[in-house]
1. Taking residue 68, is it over 23 Å from residue 162 (Cβ atoms), crowded, with 20+ Cβ neighbours inside 10 Å, more than 15 Å from the chain's Cα centre (by Cα) and in contact (Cβ under 8 Å) with a residue 40 or more places away in the chain?
2. Of (1) without any contact (Cβ under 8 Å) to a residue 12 or more places away in the chain; (2) under 24 Å from residue 21 (Cβ atoms); (3) small (Gly, Ala, Ser), residue 118 satisfies all except one. Which?
3. Test residue 171 against the stated conditions and say whether it is over 19 Å from the mean Cα position of the chain (by Cα), without any contact (Cβ under 8 Å) to a residue 60 or more places away in the chain, surrounded by fewer than 18 Cβ atoms within 10 Å (Cβ to Cβ) and not assigned by TED's automatic domain parsing to the domain that holds residue 109.
4. Based on what the data block shows, is residue 160 modelled with pLDDT under 95, within 19 Å of residue 91 (Cα to Cα) and either assigned to a helix (DSSP H, G or I) or in contact with a Lys or Arg (Cβ under 9 Å, 6 or more places away or on another chain) (or both)?
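The values are calculated or read from the model by the stated rules, or taken from the named source; none is laboratory data. Note that the structure is predicted; figures quoted are calculated from it, not measured. For neighbour counting, all protein chains shown are included, and Cβ atoms are generated from backbone atoms with ideal geometry for every residue, glycine included.
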Amino acid sequence: MEHSRDRDRDRNFQEKEKEFIEKLVKLNRTAKVSKGGRRFSFSALTVIGDRKGNVGYGFGKANDVSEAIRKSIEQAKRNLVPFPIKNGTIPHEIQGMFKASRVLLKPACSGTGIIAGGPVRAIMEAGGVTDVLSKSIGASSQYNVVKATFECISKMMDAKLVAKNRGKSLKELWG
């Protein structure tokens, strides 16, 4: 009797694992020269999302590529943040900064697609956004661009939340 329960728990766990889409943004190889030759180490930057408005990023380091990717995905799952999406795009224009990288995100009408490069595109696809315009300004370090994009996401306001904070209904807010 107990064995069947464990099996069900395992199956549910695996189904839950598959609900995230994982994007590898950057894989970096570093070498340490020692007496025996070069020792390689890998670092991975990944973005995960459920295409329903939750995204996260993670950074992992290891001596093996697959281990570095696994570590970064685990960290990304712990760093999930809600992402307000309105009709397949973002609710309003926003700008985020991290160090020398600056990311500008603009809502776009239906059919525009994701106009974004590299890391920003990965985050938007993982979050479930279908139409958005973006511009990456300043330093193009992928790690900093990801952090700047996540700053944008954390500063974004959701219409329902704004209405609740103002003590009004959604209908009053939009007219």
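1. Yes: the conditions hold for residue 68.
2. (1)
3. Taking the combined requirement at face value, the residue satisfies it.
4. yes
Conditions (1) touching a Lys or Arg at 6+ places or on another chain (Cβ under 7 Å); (2) assigned by TED's automatic domain parsing to the domain that holds residue 152, marked per residue:
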{"position": "41", "(1), (2)": "yes, no"}
{"position": "45", "(1), (2)": "yes, no"}
{"position": "51", "(1), (2)": "no, no"}
{"position": "57", "(1), (2)": "no, no"}
{"position": "63", "(1), (2)": "no, no"}
{"position": "73", "(1), (2)": "no, no"}
{"position": "77", "(1), (2)": "no, no"}
{"position": "101", "(1), (2)": "no, yes"}
